[in-house]
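Nothing in this text is a laboratory measurement; each read-out follows from the coordinates by a stated rule. The structure displayed is predicted, hence computed values, not measured ones. Reconstructed Cβ throughout: ideal geometry from the backbone, glycine too, with neighbour counts over all protein chains shown.
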Amino acid sequence: TVTSSFASFIHAARPEHLSQTVRQRSKRMILDSIGVGLVGSTTRVFDIALRYCRELYSSVAVSSVYGKPGVKLSPTLAAFTNGVATHSMDFDDTWHPATHPSGAVLPALLAASQMLPPNTKPSGLDFLLAFNVGLEVQGRLMHFSIEAHDIPKR
């Protein structure tokens, strides 16, 4: 099945599978995505998303929000809010078919890593691996979607 194929790929992924080029480009994508997210945290749509998410109850408010020191949300709500920030100005990374991989993957990864106990935080290389696995899964899902093939090239 597709699900078992994804599970096998994810389970088999190892840091040593990341080439030096992939590591460098991933770091650049992460920095770019955080920068775009910080700029996006000044937009009206971000303010609306954050206001809405702050009204939702969560007993696990451990994840940071771009541009808002001291503000914590649940991992799910922080990932959503930071994803809105990253995509709000439409400057996030892209490739055809139209997908913005870092804006979806990085906020989820950052939020999830903040909920881990301190002694289990991922190393930098493990973080890069998780980021790349997320990009690969997102790219494969997009590649196999019917809608992706109807997006005109620009």
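If Lys and Arg each add +1 and Asp and Glu each add -1, what is the summed charge of the other residues whose beta carbon sits under 12 Å from the beta carbon of GLY124? Please list the in-between numbers first.
Values: positive: ARG23, LYS27, LYS121; negative: ASP126.
Here the count lands on +2.
Just name one of SER88, TYR57, SER113: the one whose Cα is farthest towards the positive end of the charge dipole of the chain (beta-carbon charges, Lys/Arg +1, Asp/Glu -1).
SER113
In Å, the Kirkwood hydrodynamic radius of the chain over pairs of distinct alpha carbons?
Hydrodynamic radius (Kirkwood, Cα only) of the chain equals 16.5 Å.
Relative to the present Cα-Cα distance, how much length would full extension add between ASP126 and SER5 at 0.36 nm per residue of separation?
41.4 nm
What FRET efficiency would be calculated for the residue pair ARG54, ASN119, taking the C-beta separation as r and a Förster radius of 35 Å, to the nearest 0.05?
Once the sixth-power term is evaluated, E becomes 0.75.
Tell me what the chain gives for mean residue ellipticity at 222 nm when only DSSP H runs of n ≥ 4 count, each as -39,500 (n - 2.57), the sum divided by the residue total, rounded to 500 deg cm²/dmol. Working shown, then result.
Details: 6 runs with 92 residues, N = 154.
Theoretical 222 nm ellipticity from helices: -19500 deg cm²/dmol.
Tell me, how many Å apart are the Cα centres for segment 121-135 and for segment 12-85?
15 Å
So, in nm, how far is label HIS143 from label VAL62 when the simple model puts each one 7 Å beyond its Cα toward the Cβ?
Those two pseudo-labels are separated by 3.4 nm.
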